[in-house]
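In what follows, a structure is listed as structure tokens, so that the remarks can point back to it.
The values are calculated or read from the model by the stated rules, or taken from the named source; none is laboratory data. Treat the numbers as computed from the prediction; the structure is a model and nothing was measured. Cβ placement follows ideal geometry from the backbone for every residue including glycine, while neighbour counts extend to all protein chains displayed. What goes into the accessible areas is simple: the full protein's heavy atoms, side chains included, and nothing from ligands, DNA or RNA. Shrake-Rupley method; radii C 1.70, N 1.55, O 1.52, S 1.80 Å.
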Number of protein chains: 4
Amino acid sequence: MKFLAISGSLRKSSLNTSLLRAAAALVPQGVSMEVRTLEGIPLLDPDTLEAGFPQAVNELAAALKAADALVLASPEFNYSVTAIMKIALDWLSIHPDAPLKGKATAMMSASPSGLGGARAQYQLRQMLIYPDAKVLGVPEVMVGSAFEKFDAQGELTDQATKDIIQKQMQALKELVNC
Amino acid sequence: MKFLAISGSLRKSSLNTSLLRAAAALVPQGVSMEVRTLEGIPLLDPDTLEAGFPQAVNELAAALKAADALVLASPEFNYSVTAIMKIALDWLSIHPDAPLKGKATAMMSASPSGLGGARAQYQLRQMLIYPDAKVLGVPEVMVGSAFEKFDAQGELTDQATKDIIQKQMQALKELVNC
Amino acid sequence: MKFLAISGSLRKSSLNTSLLRAAAALVPQGVSMEVRTLEGIPLLDPDTLEAGFPQAVNELAAALKAADALVLASPEFNYSVTAIMKIALDWLSIHPDAPLKGKATAMMSASPSGLGGARAQYQLRQMLIYPDAKVLGVPEVMVGSAFEKFDAQGELTDQATKDIIQKQMQALKELVNC
Amino acid sequence: MKFLAISGSLRKSSLNTSLLRAAAALVPQGVSMEVRTLEGIPLLDPDTLEAGFPQAVNELAAALKAADALVLASPEFNYSVTAIMKIALDWLSIHPDAPLKGKATAMMSASPSGLGGARAQYQLRQMLIYPDAKVLGVPEVMVGSAFEKFDAQGELTDQATKDIIQKQMQALKELVNC
């Protein structure tokens, strides 16, 4: 079983990309998870759609279509997801292959503040209704005070966080099978 | 008094840009409103901020700083605002001149569906809390079934919609003065 | 297969209760749907929980536990669900039998305004995350301008609305089986 | 200047009522704050409105009308406010004296979990749009891990929390004057 993880951060030393890398090591037996960032995904301008979808978008859509499940992680900017995460979702939601449709999806986030990106997650959940993703309810993964939970190399060191991620990845696997 | 209107659509014949143009003709006496679109505002990559803010962002921030009030209109993509609108808000929220802080702000939207972009507006309201914009409550302007309310040239023809816009622009003027 | 429908309206001639009654006649073959209102469900005061759950709550929880799926309909009060609907959800979420957990759940709403209760539905979706209900994504049923779609006896007369309800009930049946 | 504080908790030893009591001691010079709970506010059944508003509701509405500002605190139940808080808001929003209209309003919350009731606050903000309350943006007061910040007698002991409450009460006073 293959999970695709997409980070909404463009930062080189991103907490959220690090979080996904940590999650990739915590998936259940028999699952592998690839982590992607969104460099090269262009802005969606509806007037250019007649020319077809950009190659980078087609490639992302194909990777998602081929995956059994999706894991999203985004920094919280202004109490919502980043614009690049929204760009990706908007492209994927109108792609003719409908890669989000019915796709088992989990989300996680990390932030230096106490809330761990919670506000962005509830907006993200709303964004996934129309494309008809099959979004996991609980457990939710919101990693607050994140600088205390990752070391300087971006390794997740907090055991309680590892445990909840492991539970979420297990629940996502079960959601695929349901 | 000067209002700045920002459209979250990049489409040439955008309903939401047309809506703002209609609003510009419905502002109270003594108010003028400039309508802008967001071409040229680049993606926000935190790793590039040390090089300074892009010229297009500085220019937008200066225009907003100089305005007495802000009017936002965005198409609804996946039950939220467009990514380009989010890009603009994210830039403005971290700009050293803090042009959103305390700024009287109204929002409107139009869509072909019945809901008129309502879902995007409630997400947008949440995005404006942290930058501390002074956001107008009511009246709300959500123009559903919009293709029946604009003509082929993008002129707003529906009188009830004009009336509610006029009331909102009046309320925004009063919010500036409060 | 049995669906339980719960109305968040206490009004005798409630549009939302009428909507659920209409839905009960539009369920797929092999499904029956009981429609309940919430008279007699008392306010939840945590200090009284030691005395046990009220009989009316136990009875509601048992009915939900025995049902294969749940259908919720609520009027929109102040852009959210009614307080009586919230009371019921709060009781059900802490009931020891956990009747919401994993329960396939759909929602619908009707309102005289254009938005058809949409704002309340998105708040309701958030309320259902923690109790871990399995909430249907699309199709969504939001019946705007509802007085034009029901007759004076509370009969749903609008064919397009009947069609979308039928599709939602079919999707709910499939969600039970997944 | 008089602030009215309303707690959405019915619990005797409520963290949120304690939070409001702490806030009452942290208001700016020249301000006094009364803390109320909502015992005796009955459920809103639209069919009974012809008989007039209940006395307890009239009394609450009068107290709010006479106050210069409103402070709301609610526990988070199922990621939203409590039902009793919603009951109060629904009554106040339809009361003929319109006590919420234009009323400067701040919100705070405390919870044992890390998020401090944040999710409930964003739902509460949406509930206050239609009644046209003048809701404070920042600073936001969300007291997570609350059992570590109050002592056994319900006294707030955490200095950082006191500081942010003091800032919010000051900002609310300024909002009254604007």
Checking A:Ala61 against (1) within 13 Å of chain B (Cβ to nearest Cβ); (2) over 20 Å from B:Gln123 (Cα atoms), which test does it fail? (1)
Check B:Leu19, B:Leu15, B:Leu70 and return the single one that is hydrophobic (A, V, I, L, M, F, W, C) and within 12 Å of chain A (Cβ to nearest Cβ). B:Leu15
Looking at C:Gly117, C:Gly102 in this structure, which one is surrounded by fewer than 24 Cβ atoms within 10 Å (Cβ to Cβ) and at positive phi? C:Gly102
Report, by residue number, each residue of region B:93-132 that is within 10 Å of chain A (Cβ to nearest Cβ), more than 13 Å from the chain's Cα centre (by Cα) and of a type outside the set (Lys, Arg). B:Ser93, B:Ile94, B:Tyr122, B:Gln123, B:Gln126, B:Ile129, B:Tyr130, B:Pro131
Count, please, the residues in region D:136-149 that happen to be more than 8 Å from chain B (Cβ to nearest Cβ) and in contact with a helix residue (DSSP H, G or I) (Cβ under 9 Å, 6 or more places away or on another chain). 9
Positions within region B:109-142 being part of a strand (DSSP E or B) and touching an Asp or Glu at 6+ places or on another chain (Cβ under 8 Å), in sequence order: B:Ser109
Test: A:Ser74 is open to solvent by 10 Å² or more (accessible area, probe 1.4 Å) and of a type in the set (S, T, N, Q): no
Would you confirm whether or not region D:22-34 contains a residue that is buried (at least 16 other Cβ atoms within 10 Å of the Cβ), within 14 Å of chain C (Cβ to nearest Cβ), of a type outside the set (Gly, Ala, Ser) and touching a helix residue (DSSP H, G or I) at 6+ places or on another chain (Cβ under 7 Å)? no
Which residue out of C:Gln159, C:Gln126, C:Gln153, C:Gln170 is closer than 14 Å to C:Ala23 by Cβ and either free of Cβ contacts under 8 Å to residues at least 24 places away in the same chain or open to solvent by 40 Å² or more (accessible area, probe 1.4 Å) (or both)? C:Gln170
Exception for D:Ala63 within (1) over 29 Å from C:Arg119 (Cα atoms); (2) in contact with a helix residue (DSSP H, G or I) (Cβ under 9 Å, 6 or more places away or on another chain) falls at (2)
For region B:35-59, which residues satisfy the criterion of being surrounded by 18 or more Cβ atoms within 10 Å (Cβ to Cβ) and over 21 Å from B:Ser18 (Cβ atoms)? B:Leu43, B:Leu44, B:Phe53, B:Val57
